[in-house]
Amino acid sequence: MKSFLQNCLRSTPLRALASCALGLVGAYALAQQMVGPQTKPPDAKEVEARKSKGGYYPERMKNPNLSGHASKMTVTPLSEIPVDKIKVPKGFHVEVWAHGMPGVRMMARGSQGTIWAGSRIIGRVYEIKDKGGVRQHRILAEKLTQPNGVAFQGGNLYIMAINRVFRYDGIEDNPNVKPVELTAQFKLPPDVHHNWKFIAFGPDSRLYVQVGAPCNICEPSPEHGQIRRYIADGSGMEVVARGVRNSVGFDFHPQTGELWFTDNGRDWQNENGPQDELNRVSKMGEFFGFPYCHANGIPDMDIKKKDPCKGVTLPVALMGPHAAALGMRFYTGSMFPKEYQNSIFVARRGSWNRSELFGFDVANVRAGADGKNAKVTPFMTGFRDPKENKFWGRPVDVLQLPDGSMLVADEQVGAIYRVSYKK
């Protein structure tokens, strides 16, 4: 901002004053909304809350007072979304596709093109429709406890909050349809910690659901730390993956149909890890290590057992320290260059339990169908200023559109971007 002001003052023509003034307003607005690491010492109540979730060792960190970044839950005007700061590879283009949806997170698309997006803190589910090239949205559901999970199949929309499940039958043809509650059928635990849901239908037409750990680090109960699948009516539950701390994104390989998922590493072990993971499920009930073994075979410092990494399936790729790797999708479209075919786009919401911020981007992962030779490359950046150690945006989910372009949800500014490519 300082260099911008200096350049403006050097400009002598009066006609430049108006543009300088507008630029200063925009720069000031961005500076006001940028956020750095939160380092206010926790009060006694917060300390006890952290201890109750296990593994609270602030002395292991560079700054012992680290705490989560408060999400912005008010509307961000379009003029205050600095889309021009977003960087993508040559040939790609980013635009604001929809905005004005505080806390927008995980997305699903209907057969007629409707987009639904869940949220966490604000408790809403948004419905977005394209009206002649202009996106309009409404609040479909609200006052729910972290209704993060949305999925669509057979004309019906499924919404999953912490332990409540709703089905909206034929919603695209009947926008005012009343939901059918399926909470009793799914029998989900009511714990809030790490239990905001990501849900998706697999190639087997089953509904896949994560049930995260009820803690930072602990011995979870038999019903936590897993990914399950159900028949769509909530019957026939099976555990697909175990030892999963907190997966908020998964998808199915376009060639093999196997489940791949992101998993967030524990906090308070150290500033540089354990790193988040990208995992592949090759058999039912596979064990991925939590709480004993993390990342590429790192034993936990607090929950100990003999041979902690024995029998653990190690990740396909590491996604970075405290990166908050969330929504992910395999790319199967024809718009992007051929080298992106069957690769994975992963939204990394960004770190809080780290003095130097990491993530706040969308990464691309290329790996064989067997999970070997994975390579992680930042793809969509510019939400974080490394020099200032601050951020203004937090990508949380990605979704491919039929034309091969990609939507990216940004929880921090309540917007959805569209990424396209043209030679």
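Relative to the globular-protein estimate of 2.2 N^0.38 Å, the Cα radius of gyration of the range 325-423 stands at 1.10. The lysines whose alpha-carbon is closer than 24 Å to the alpha-carbon of Lys143, local same-chain residues fewer than 8 away aside, are Lys72, Lys129, Lys178, Lys187, Lys197. Taking 21 Å as the straight-line reach from the Cα of Lys372, the lysines in range (excluding those fewer than 8 positions away in the same chain) are Lys283, Lys310, Lys338.
Each residue of the range 89-97 was assigned a 3J(HN,Hα) from its phi angle through the Karplus curve 6.51 cos²θ - 1.76 cosθ + 1.60 (θ = phi - 60°); the sequence is x, 3, x, 8, 9, 10, 9, 6, 8 Hz, with glycine and proline shown as x. Largest first, the three principal axis extents of the alpha carbons in the chain are 72, 56, 44 Å in whole numbers. Of the residues Asp233, Asp43, Asp191, the one that moves most in a GNM of the chain with alpha-carbon contacts below 10 Å is Asp43. Rounded to the nearest 20 debye, the dipole magnitude of the range 225-381 is 220 debye, with +1 charges on Lys and Arg beta carbons, -1 on Asp and Glu beta carbons, and the Cα centre as origin. The distance from the alpha carbon centre of the range 200-279 to that of the range 96-164 is 21 Å, rounded to a whole number. Among Gly202, Gly327, Gly225, the largest mean-square fluctuation in a Gaussian network model of the chain (Cα springs under 10 Å) belongs to Gly202. Note on the chain: with charges restricted to the Cβ of Lys and Arg (+1) and Asp and Glu (-1), its dipole about the Cα centre is near 780 debye.
Where does the chain land at 222 nm, in deg cm²/dmol rounded to the nearest 500, when only DSSP H runs of n ≥ 4 count, each adding -39500 (n - 2.57), divided by all residues? The per-residue figure over the chain is -3000 deg cm²/dmol.
If both residues of a DSSP beta bridge must be in the range 211-333, then about 90% of such bridges are antiparallel. Straight-line cross-link partners of Lys305 among the lysines, defined as a Cα under 24 Å from its Cα and at least 8 positions apart when in the same chain: Lys51, Lys53. Once the gyration tensor of the Cα atoms in the range 114-246 is diagonalised, the equivalent ellipsoid follows with semi-axes of 27, 16, 12 Å, ordered largest first.
Read-outs throughout are calculated quantities, based only on the coordinates presented, and are distinct from any laboratory measurement. Nothing here was measured: the structure is a model prediction, and the numbers come from that model. All Cβ positions, even for glycine, are placed from backbone atoms using ideal geometry, and neighbour counts span all protein chains on display.
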